[in-house]
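*Asks:* My questions will all concern the structure given below.
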Amino acid sequence: MLPLLQLVPAKLLNSSCSLEKTLQCSCSFHGIPTPSVQWWMGGVPVGVDGMDGSLQVTSTVLGPWANSTISLTEEPEMGMRLLCEGKNQNGTHALSILLMSRKSSLASQAFVKGLIQGAIYAGIVIALLFLCLLPLIVKHIRKKQAKKAAAIRAKNSSKVRASQELEMCLKPEEPGKPIVTTFSESHILEKQDKRAS
């Protein structure tokens, strides 16, 4: 009697992609019975062991192992999906790979260039705006300083006047010199003269 083989669903055990002159992607599946491998590009199946212009697929089977490699000689369209699918009667396992074109780096370079230009233009606009507002800012600052200076002068002049009035009140009368009095003192003297008469 022959021993019964245990059935095993297809399972992806290894996958890799490398980019040199061509893009090469490989998938390795294991299962009992041996899985069949199918590549799909953009939702369309790719022929096994054949060359289709820019695509070349090679597959090898060894016992319960199935290995398949796809080579792309032309750059893929941006956002193209590559699917590696291994299946047997017990199950299916697949790997989806999103392919990006080298040309997409040009788009990111253009974006970065635009971003840098935008930052430079924004800096220029801000500098010009500042230069336009600078005279207004200087005028405002000078006004504030002038108000402060006027307030300090007014304060100092009132102190000087008060000290001068105090000095005049305290000076002794000298014979032969006219008496200089402030309004408040002369007013008081007039009242005293009226009372005396």
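*Asks:* Just grab the label-to-label distance for residue 11 and residue 158, each label 7 Å out from Cα along the Cβ direction, in nm (one decimal).
*Replies:* It is 9.6 nm.
*Asks:* So, for the range 104-156, what is the accessible surface per residue at a probe of 1.4 Å, expressed in square angstrom? The partial results should precede the final answer.
*Replies:* Numbers: 4730 Å² over 53 residues.
Accessible area per residue, the range 104-156: 89 Å².
*Asks:* Sticking with this one: Compute the length gained on full extension between residue 54 and residue 77: take 0.36 nm times their separation in residues and subtract their Cα-Cα distance, giving the result in nm to one decimal.
*Replies:* Working: separation 23, 0.36 × 23 = 8.28 nm, distance 1.23 nm.
Answer, rounded to one decimal: 7.1 nm.
*Asks:* Next question. Grab the beta carbon distance between residue 22 and residue 117, set R0 = 30 Å, and tell me the FRET efficiency rounded to 0.05.
*Replies:* Working: r = 36 Å, r/R0 = 1.21.
Computed FRET efficiency for residue 22 and residue 117 comes out at 0.25.
*Asks:* Within the accessible area of the range 104-156, what % is carbon and sulfur when the probe is 1.4 Å and the other protein chains stay in place?
*Replies:* Working: 3540 of 4730 Å².
Within the range 104-156, the accessible surface is 75 percent carbon and sulfur.
*Asks:* Contour minus end-to-end for residue 61 and residue 132, with contour as 0.36 nm per residue of separation and end-to-end as the Cα-Cα distance? Numbers along the way, then the final one.
*Replies:* Details: separation 71, 0.36 × 71 = 25.56 nm, distance 7.71 nm.
Between residue 61 and residue 132, full extension yields an extra 17.8 nm.
*Asks:* What is the percent carbon and sulfur in the accessible area of the range 9-99, measuring with a 1.4 Å probe over the protein chains and ignoring ligands? Provide the component values of the computation, followed by the final result.
*Replies:* Working: 2750 of 5150 Å².
Of the solvent-accessible surface of the range 9-99, carbon and sulfur hold 53 percent.
The values are calculated or read from the model by the stated rules, or taken from the named source; none is laboratory data. It should be emphasised that the depicted structure is a prediction, and the values quoted were computed from it without experimental measurement. For neighbour counting, all protein chains shown are included, and Cβ atoms are generated from backbone atoms with ideal geometry for every residue, glycine included. These accessible areas exclude ligands, DNA and RNA; they are computed on the full protein's heavy atoms, side chains included. Shrake-Rupley method; radii C 1.70, N 1.55, O 1.52, S 1.80 Å.
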